[in-house]
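The values are calculated or read from the model by the stated rules, or taken from the named source; none is laboratory data. The structure presented is a predicted model; accordingly, all values stated were derived computationally and were not measured. No Cβ is skipped: glycine too gets one built from the backbone with ideal geometry, and neighbour counts run over all protein chains shown.
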Amino acid sequence: MLRDAAALAVAVLMVGISFGALAVAAGIGAWQAVGMSLLVFAGGSQFLAVGVMASGGAAAAAVAGGLLLNARHLPFGLAVSDAIGRRWPARLAGAHILVDETVAFATAQPDPRRARLAFWTTGLLLFVAFNTGTVVGVLAGQAVGDPARYGVDAAFPAALLALLLPSLGSADARLVAVAGALLALLATPLLPPGLPVLVALAAVLVAGPVNRSGRWRRPPVDRQRP
């Protein structure tokens, strides 16, 4: 488990470097980028928020997009509640390092003691790796200078696309992605910067329940439950 968590931390370090460099290239202050990684610690939401602000969107739109993107953490928290601990200081700290990877590592363990060890070990390693990477990326981004001269200003859309691609394995996911892109394109001429991203989230409601034949389908029912 420790070896797998360490390998994952190396990958997260690279993501942190990318975030720090791209944030500075997008005009975000160095301390703002570092502070976001320390206080938010949610890679996908951070990329989204900085992308919205870099395009001229309001801070409220960036925050709303980040909150919607991280809404999945509500059921995640219920799934690993016992692994985090019962005392409120542990719950506060655990909520801060609750990300997809810590949940996956914790729920994969066969007993509660190993689940707790996996959650905290993975969470702390990833937190240190991501924030270290952000600092390195900020320093590198400042050394680049004008991002447009090197084409770094185009890296934000590429980074967001790279984060999105692994989740497009199913037909439903691809359908939602295409519907979201179309909604964003249609809303771009009509709404201020940042808001088309939030409009695109409506694709989950529009396209999610549709199957390949174009018919609406009901969510699966677990008949084994009372």
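Go over the candidates Val80, Val103, Val128 one by one and state the one that is within 25 Å of Ile28 (Cα to Cα), out of contact with any strand residue (DSSP E or B) (no Cβ under 6 Å at 6 or more places or on another chain) and not acidic (Asp, Glu). Explain how you work it out, then say what you get.
Numbers: Val80 fails: within 25 Å of Ile28 (Cα to Cα); Val103 fails: within 25 Å of Ile28 (Cα to Cα).
Checking each option against the conditions leaves just Val128.
If you scan the stretch 84-106, which residues turn out to be farther than 19 Å from Val12 by Cβ, surrounded by fewer than 19 Cβ atoms within 10 Å (Cβ to Cβ) and touching a residue at least 24 places away in the same chain (Cβ under 8 Å)?
Gly85
Matching residues to (1) closer than 28 Å to Pro110 by Cβ; (2) loosely packed, with under 13 Cβ neighbours inside 10 Å; (3) not polar (S, T, N, Q); (4) not assigned by TED's automatic domain parsing to the domain that holds Met53:
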| site | (1), (2), (3), (4) |
| --- | --- |
| Ala7 | yes, yes, yes, no |
| Val12 | yes, no, yes, no |
| Gly16 | no, no, yes, no |
| Phe19 | no, no, yes, no |
| Ala23 | no, no, yes, no |
| Ile28 | no, no, yes, no |
| Trp31 | no, yes, yes, no |
| Met36 | no, no, yes, no |
| Leu39 | no, yes, yes, no |
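Results for (1) closer than 17 Å to Ser45 by Cβ; (2) at pLDDT below 70; (3) surrounded by 13 or more Cβ atoms within 10 Å (Cβ to Cβ), shown as yes or no for each residue.
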| position | (1), (2), (3) |
| --- | --- |
| Leu161 | yes, yes, no |
| Ser167 | yes, yes, no |
| Arg174 | no, no, yes |
| Leu186 | no, no, yes |
| Leu201 | yes, yes, yes |
